[in-house]
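Heads up, the thing below is written out as structure tokens.
The values are calculated or read from the model by the stated rules, or taken from the named source; none is laboratory data. Keep in mind that this is a model prediction, so the values were computed, not measured. Cβ: placed from backbone, ideal geometry, glycine included. Neighbour counts: every protein chain shown. When the accessible area is computed, the model is the full protein with side chains, heavy atoms only, and any ligands, DNA or RNA have been set aside. Shrake-Rupley method; radii C 1.70, N 1.55, O 1.52, S 1.80 Å.
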Amino acid sequence: MYDSLVSVIDELYGTSRPVSLHEPQLGLRERSYVNQALDSGFISSVGQMVDWFEKEFAKIVGAKHAISTANGTAALHVALLLAGVGKGDEVISQSLTFVATCNAITYCGAVPTFVDISPDTLGISASGLRDFLQSCCDIDADGHCRNRLTGRRVSACVPMHTFGISSDIIEIVKLCDEYNIPVVEDAAEAVGSYHADKHLGTFGLVSAFSFNGNKIVTAGGGGAVVTNDAALARRAKHLTTTARIADGFEFTHNEVGFNYRMTNLNAAVGIAQLEQLDEFVQRKRRVHDVYAAWGRSNGFQIIDEPKGTKSNYWLNVLVANSKQERDEILEFTNENGVHCRPVWTPMHQLAIHGAHEGFDLPMTEYYFDRVVNLPSSPVG
Ligand SMILES: *Cc1c(COP(=O)(O)O)cnc(C)c1O
């Protein structure tokens, strides 16, 4: 039966090996823009390409402001600071995510607390979030949400749109609003994904995107902070540019900022890629259709976009029927030169991010044992 999966992958990606999980599609357009950047003499964090990239990306997501960063983790770090996350705070997120989500929370001096995922989205379960808020949280005299079990301020909620599939973001934002908790979307995997007709990353107060080499569009390395709030956008730019204030010929720095800007060379690659986003999404959706058809006729669940949403299908997800079956699929495909991969180890199982609390996350553990990511490069 796993033979037929490898045959399907042969049809999609050809028979040369290895078939990687996700490969960047780079061509003449990228080369031409990089040459333009080189010719301009601006190769670092100032230049026309960076401005162009930010404008273009804001337009694509339909947000007022996009501030480019060196990578998605830096974007998340800044987004959390903009939301007011500080030392000793608690930030609600999901355990089934890439480690960067929790690393960024930790950079702020805060700790993550985990709500279980929904099987439909592999993102934060709205009912799990409601249970957590109702059973553990109060609003204190200052109007801040507090976890009464830990005594910590709950200063943000970070839903992650897993593999480009929309989380139940409308309900999550609604619940967080009731408890005065700002929502910071980790939309790192969600460029080109929508809930209703609204691009993911535009539902919360602020969001973070990634343009790493393995994402749907890449800048080599890069990220973006996205918001509709002009004051937050100015602060994002300030924090990512070493908190620099120009005073005639001199610069001063009014706080400890970061060197988190995207370079002009990276932005050149990023623009070339953004221009092909629609094409990449279309191709990836065709790849998804092929896997979905294979899954239906072979007794496997392939996770589909929830109704009313549109996924970029960054990485396709096969749900094995048991951990043993998952291991067999991983072994068989990898022995055949096909880079299928298990999902990330859940954060609550990592000593660095889960040690401070006992978490009961049955769905997270269920999917950790069964998810297989299938090769998902956007082939033509
Ligand atoms: C890729 C990714 C990030 C971080 O992006 P980098 O550009 O690699 O720093 C953050 N969160 C999630 C969920 C990601 O997939």
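Based on DSSP H runs of at least 4 residues, each adding -39500 (n - 2.57), what is the mean residue ellipticity at 222 nm of the chain after dividing by all its residues, to the nearest 500 deg cm²/dmol?
Numbers: 13 runs with 150 residues, N = 380.
After summing the helix terms and dividing by the residues of the chain, the value is -12000 deg cm²/dmol.
What share of all Cα pairs of the stretch 190-260, in percent, falls into each consecutive 5 Å distance bin?
That works out to 4, 14, 18, 18, 19, 13, 7, 5, 2, 0, in percent per bin.
Using modelled backbone amide H atoms (1.01 Å from N, in-plane), which distant-in-sequence or interchain residues come within less than 5 Å of ILE117's amide H?
Under 5 Å from the amide H of ILE117 lie the amide H atoms of SER125, MET363, THR364, each far enough along the sequence or on another chain.
State the percentage of accessible surface on the chain attributable to carbon and sulfur atoms; use a 1.4 Å probe and exclude ligands, DNA and RNA. Write out the running numbers ahead of the final one.
Numbers: 7980 of 15740 Å².
Ligands and nucleic acids excluded, carbon and sulfur give 51 percent.
For a quick check, take a GNM of the chain with Cα springs below 10 Å and name the residue from GLY223, GLY308, GLY192 with the largest mean-square fluctuation.
It is GLY308.
Over the chain, what is the relative contact order in percent, taking alpha-carbon pairs closer than 8 angstrom and at least six residues apart?
24
Check the straight Cα-Cα distances from LYS284 and name the aspartates and glutamates below 18 Å, setting aside those fewer than 8 residues away within the same chain.
Leaving aside aspartates and glutamates fewer than 8 places away in the same chain, those within reach of LYS284 are ASP10, GLU11, GLU23, GLU189, GLU275, ASP304, GLU305.
Treating the beta-carbon of each Lys and Arg as +1 and of each Asp and Glu as -1, no other charges, what is the dipole magnitude of the stretch 1-83 about its Cα centre, to the nearest 20 debye? Spell out each step's value before the answer.
Details: 6 positive and 9 negative charges, 65 e Å.
Approximately 320 debye in magnitude.
Hey, what did the stretch 1-122 get for relative contact order, percent, Cα under 8 Å, at least 6 apart? Mind showing how you got there, number by number?
Numbers: 80 pairs, mean separation 19.0, N = 122.
16 percent.
Just to be sure I understand: with springs between alpha-carbon atoms less than 10 Å apart, which residue in LEU38, LEU277, LEU239 has the highest mean-square fluctuation in the Gaussian network model of the chain?
The residue that fluctuates most here is LEU38.
Give me the 1.4 Å probe accessible area per residue for the chain, excluding ligands and nucleic acids, in Å².
41
Put +1 on the Cβ of every Lys and Arg and -1 on every Asp and Glu Cβ in the stretch 148-266; which of ALA196, ALA224, PHE249 then has its Cα farthest towards the positive end of the dipole?
Final value for the positive-end residue is PHE249.
CYS137's amide H: which non-local residues (gap 5+, or another chain) put their own amide H closer than 5 Å, with H modeled 1.01 Å from N in plane and none for Pro or chain starts?
Those qualifying (amide H under 5 Å, at least 5 residues apart or on another chain) are ARG148.
Evaluate the charge dipole of the chain about its Cα centre and quote only its size in Debye, nearest 20, assuming +1 on the Cβ of each Lys and Arg and -1 on the Cβ of each Asp and Glu.
Result for the chain is approximately 680 debye, rounded to the nearest 20.
My understanding is that a pair violates if its Cα-Cα distance is over 22 Å; which of LYS59/LYS237; LYS55/LYS174; LYS198/LYS307 do that in this structure?
Over 22 Å apart, Cα to Cα: LYS55/LYS174.
So which residue, out of GLU325, GLU255, GLU171, gets the largest mean-square fluctuation from a GNM of the chain using Cα contacts under 10 Å as springs?
GLU255
For ARG261, enumerate residues with amide H under 5 Å from its amide H, sequence gap 5+ or separate chain, H modeled in the peptide plane.
It is ALA70, by chain and number.
If you average the alpha carbon positions of the stretch 149-194 and of the stretch 239-296, how far apart do those two centres end up, in angstrom?
20
Express the relative contact order of the stretch 161-308 as a whole percentage, based on alpha carbon pairs under 8 Å and six or more residues apart in sequence.
Answer for the stretch 161-308 is 17 percent.
Among all helices in the chain defined by DSSP H, which have a length of 27 Å or more along the axis from Cα atoms plus a Kyte-Doolittle mean of at least 0.0?
Details: long enough: 277-298 (31 Å, -1.05).
Long hydrophobic helices here: none detected.
Please report, in cubic angstrom per residue, the volume enclosed by the convex hull of the alpha-carbon atoms of the stretch 2-133.
Dividing the Cα hull volume of the stretch 2-133 by its residues yields 199 Å³.
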